Amino acid sequence: MRVFVTGGTGFIGRNLCKALLRAGYQLTVLSRKPETVSEKCGPEVTALKSLANWSPDQHFDAVINLAGAPIVGSRWTGQRKQVLWDSRVTLTEHLIDTIRKAESRPGVLISGSAVGIYGNQGDAILDENSVLARDDFGQKLCWAWEDAALRASEFGVRVCLLRTGLVIGKDGGFLQKMLLPFKLGLGGRLGDGKQWMSWVHMKDHVAMTQHLLESPNLDGAFNVTAPNPVTNEEFTQCMAKVLKRPALLTVPAWLLRLGAGEMAELMLGGQRALPRRFQGENFKFSYESLEPALRDALL
């Protein structure tokens, strides 16, 4: 099977590409830096610098759309919001237009999203049928990202949406930003620590994506999360235990808002999301509980 991947050199993308190569897939990766694709994704991968280089007579059996600038890091200024929007929504719109023009269209599009689309609903358990909101920029971004991808269904492409939680894995992702403070004994909960953190181990994220790729009867939204979300306080204590470091500090909510502005709500809010549709598929998780997942990623 020939697969076209956007975001293939990112944290999730490069892990997925290597797994798909091992499974015998032929990959083409879209990257603004095509010279890095071979090293990050594998020497067998073909690099494409622009969607304009995908000619209408070129056929791919599937498209996996993971592109997107990091949402946590820089303050959400107007300029930063535009970068986040263009790297997700605008790119997806261009991707759908490219697919539409193809002489032989792919059978499936698997496109990124996030559990943030549910907004902060406190302790409510969220599955793929839960009510969505459009209250803040993060939610609006996810809505528009999904809407853009779903347009591919209008011309016969099966569309699956990956509502991904926090991804736990080696050498990348949000854990790397947390690691140094925790190792120095400066880790601590954010705000009151009661906000839920839906997480998933990289191995399971890759396996879930591959499952959707190989299941022609599945479409729509899927929560790509482990079945046991935890609160921020529980996550903090578990990470401290794994690293054998104290985690006695608290970052006050007001300080987070002062330092990060609007983006702070990503850290102070949360989602208690469950992967109901994958559970209905009897998907076998490699990491259902947080501590083994952290041990694998950090030790």
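Throughout, read-outs are computed from the coordinates displayed, never taken from laboratory work. Note that the coordinates shown come from a computational prediction; the quantities given were computed from them, not determined experimentally. Glycine gets a Cβ as well: all are built from the backbone with ideal geometry, and neighbour counts include every protein chain shown.
Here are the numbers for the structure shown:
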item: Between helix 11-22 and the chain: long-axis angle, C-alpha atoms, 0 to 90°, nearest 10; result: 50 degrees
item: Packing-based ranking, highest mean first, of 178-187, 6-15, 285-294 given that Cβ atoms within 10 Å are counted; result: 6-15, 285-294, 178-187
item: Model label zone, ARG100; criterion: amide N under 19 Å from point 7 Å along Cα-to-beta-carbon; scope region 139-173; result: 144-160
item: C-alpha long axis of helix 232-243 to longest principal axis of the chain, angle in °; result: 90 degrees
item: Degrees between helix 202-213 axis and first principal axis of the chain (Cα, 0 to 90, nearest 10); result: 30 degrees
item: Dipole magnitude of the chain about its Cα centre (Cβ charges: Lys, Arg +1; Asp, Glu -1), debye to nearest 20; result: 780 debye
item: Cβ-Cβ FRET estimate between TRP143 and ARG245, R0 fixed at 41 Å, reported to 0.05; result: 0.60
item: Cα gyration tensor shape of region 194-299, rounded if a/c is under 1.5, else prolate or oblate by comparing a/b with b/c; result: oblate
